[in-house]
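Heads up: the structure comes next, in structure tokens.
The values are calculated or read from the model by the stated rules, or taken from the named source; none is laboratory data. It should be emphasised that the depicted structure is a prediction, and the values quoted were computed from it without experimental measurement. Methodologically, a virtual Cβ is constructed for each residue, glycine included, from the backbone with ideal geometry; neighbour enumeration extends over all protein chains shown. These area figures cover heavy atoms from the full protein model, side chains too; ligands, DNA and RNA do not enter into them. Shrake-Rupley method; radii C 1.70, N 1.55, O 1.52, S 1.80 Å.
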Amino acid sequence: MNKILVVQTAWYEEETVDMSNIVINILEDASMSEDALMSTRVITATAPGALELAAVAKHHIVKHDDYIGIIFNGIVIRGETIHYELVTNETFRSIGSLAESFCNIAIINNVICVENLAQLEKRRVKNTENNTYALIQLINEKSS
């Protein structure tokens, strides 16, 4: 059975759990009509923070070779130090590197980087929906 991995951060838990629930609901609906998603199981995992997202996913990939897709859900909000730039740059680099190393797996980065909570609330649901549909499209592309 093929699997899709949903990896979320532990930070901003209420929001990231909601993001993962949006992903799971869309994937469950799509599995009724998308050939590539039929008989697909959704697995969830939690990373301590955004920096650890790719490492958690890689652990799952190495442990089990039946993943067809991965989506990363996380939130990074700018603070008063350079930590924001370090976290966002390294998170995006590590997810991109994972996508290059495992090019047979559809990988989507849904880590939302914002200045404040107002921006997050404006983007969280729409970005998650759009990125989940992008994951489905990429899975279909890679399975054809």
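Around ALA106, which amide H atoms from residues at least 5 apart in sequence, or from another chain, sit under 5 Å from its own amide H, with H modelled in the peptide plane?
Answer set, sorted by chain and number: GLY69, ILE70.
To the nearest 20 debye, what is the magnitude of the charge dipole of the chain about its Cα centre, counting +1 on the Cβ of each Lys and Arg and -1 on the Cβ of each Asp and Glu? Working shown, then result.
Working: 11 positive and 19 negative charges, 42 e Å.
Once rounded to the nearest 20, the dipole reads 200 debye.
Give me Rg/Rg_expected for the chain, where Rg uses Cα atoms only and Rg_expected = 2.2 N^0.38 Å with N residues.
Cα-based Rg divided by the globular estimate yields 1.00.
Where the accessible area of the chain is counted over protein heavy atoms with a 1.4 Å probe, how much of it, in %, is carbon and sulfur?
Using a 1.4 Å probe with all protein chains present, the chain comes out at 51 percent carbon and sulfur.
GLY49's amide H: which non-local residues (gap 5+, or another chain) put their own amide H closer than 5 Å, with H modeled 1.01 Å from N in plane and none for Pro or chain starts?
ALA10
Per DSSP helix of 4 or more residues, -39500 (n - 2.57); summed, then divided by the residues of the chain. What does that give at 222 nm, rounded to the nearest 500?
Details: 4 runs with 75 residues, N = 144.
For the chain, the value works out to -18000 deg cm²/dmol.
Please report, in whole Å, how far the alpha carbons of the range 27-110 spread along each principal axis, starting with the longest.
Projected onto its principal axes, the Cα set of the range 27-110 covers 46, 26, 19 Å.
When the Karplus curve 6.51 cos²θ - 1.76 cosθ + 1.60 is applied with θ = phi - 60°, which whole-Hz ³J(HN,Hα) does each residue of the range 127-133 get, with x for Gly and Pro?
My calculation for the range 127-133 gives 4, 5, 4, 4, 5, 5, 5 Hz in order.
Which order do the peptides 76-83, 131-138, 105-112 come out in when sorted by mean C-beta neighbours inside 10 angstrom, highest first?
Top to bottom by mean Cβ count within 10 Å: 105-112, 131-138, 76-83.
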